[in-house]
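Some notes on the structure that comes next.
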Amino acid sequence: MERNRFFPKTDESGSRPKHDRTAWLKGGTAVCEMPPRKPLGKAWRIVLLGAPGIGKGTQAELLCERLGTCHLSTGDVFRTARFLPEREQTAAMKAALSCMRQGALVPDKTVLGLIRDRLHCLHCSGGFMLDGFPRTVAQAKALDKIMTEEGVELTAVLNYELPLERVVARLSGRRTCANCKMVYHIVTLPPKVAEVCDRCGGSLFQREDDRPESVGVRMKAYENNTRPLIDFYQQRGLLVSISAEGTPEEIYHRTRLMALGR
Ligand code: AMP
């Protein structure tokens with residue numbers, strides 16, 4: 001029973017059909033053409049925590065694909081904004097993109113403005129998986145307030161853990177598909193053909209903020225600003241800590257077991 005409640009039926013390939021994230025990526029009045037189907041049980045409302053590069057994005061992809069939940073990544077919103085013509089980028093967005101290139105955190109005010117512009121995504125019928133937000137205690141407190149105002153509750157906060165040097169190795173070998181955003185690693189998860197995405201044939205690239213000069217800045221930002229969220233959510237009884245050792249599939253199955261064990 002419990003299993004069905006949290007892990008609704010998938011199709012024959014083990015995946016749910018992919019829904020789009022237009023409302024999240026564009027914000028404002030944009031709507032998704034194919035929103036997630038309502039799950040059989042209660043929709044998951046999850047926050048993913050963990051150092052940059054630990055594999056949150058990959059887990060979010062796997063979990064969302066199989067559970068029908070929507071992947072709400074703040075980093076993806078900034079990366080989408082980067083491709084907008086300059087005249088369509090606000091001054092706050094230009095400043096945010098400059099922070100991002102250097103690996104620094106975007107100011108809380110900008111990030112919270114972005115969330116407030118997308119409040120309807122918190123009511124997504126499939127539930128949601130927040131990835132990369134909140135990243136500071138101020139953001140977490142603001143999220144608490146927003147969720148109370150919106151009348152929605154978090155199901156759990158999944159905190160992925162791995163020694164720092166291993167995280168840095170993961171970050172520097174990471175490659176992303178420019179088209180479908182599938183994530184690879186040049187050593188542990190290489191594509192079948194170098195630089196080409198197995199899933200859609202798109203070309204793979206290294207994110208600007210995965211370059212060595214940005215990685216140190218991002219790790220420091222994580223230690224100083226984001227790590228305190230572990231205590232924040234522990235105190236609220238929402239935290240589930242999960243080892244990020246192993247392959248993405250192994251971590252995914254560990255996540256299922258640990259989240260189901262709650
Ligand atoms: P990510 O893909 O989550 O690693 O995010 C990429 C970059 O976007 C980060 O290094 C930050 O510059 C920026 N960013 C994303 N989410 C946030 C956030 N919640 N607070 C501050 N900056 C963020």
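The values are calculated or read from the model by the stated rules, or taken from the named source; none is laboratory data. Given the structure is predicted, the values throughout are model-derived calculations rather than measurements. When we count neighbours, we look across all protein chains shown, and the Cβ atoms used for this are built from the backbone with ideal geometry, even at glycine. The protein model used for the area step is the full one, side chains on, heavy atoms only, and it has no ligands, DNA or RNA in it. Shrake-Rupley method; radii C 1.70, N 1.55, O 1.52, S 1.80 Å.
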Charge dipole magnitude, Cβ of K and R +1, D and E -1 - the chain, Cα centre, debye nearest 20: 240 debye
Cβ under 13 Å from Glu213's Cβ, Glu213 left aside: what net charge do those residues give with Lys, Arg +1 and Asp, Glu -1? +2
Go through Val187, Val240 and list them by solvent-accessible area, largest first, probe radius 1.4 Å. Val187, Val240
Percent of Cα-Cα distances greater than 36 Å, calculated over the chain: 7 percent
Out of all DSSP beta bridges with both ends in the chain, state the antiparallel percent to the nearest 5. 30 percent
Using alpha carbons only, what's the Rg to Rh ratio of segment 163-210 with Rh from Kirkwood? 0.99
Mind checking which helices in the chain clear 27 Å along their axis (Cα) and have mean Kyte-Doolittle hydropathy of 1.6 or more, DSSP H runs only? none
Return one whole number: the accessible area per residue of the chain in Å², for a 1.4 Å probe. 50 Å²
In Å, the C-alpha Rg and Dmax of segment 86-218 are 17.3, 49
What is the percent carbon and sulfur in the accessible area of segment 94-213, measuring with a 1.4 Å probe over the protein chains and ignoring ligands? 57 percent
Give the accessible area for Trp24 in Å² (nearest 10); use a 1.4 Å probe, count only protein heavy atoms, and leave out ligands, DNA and RNA. 10 Å²
The Cα extents of segment 197-244 along the principal axes, largest first and rounded to whole Å, are 44, 28, 15
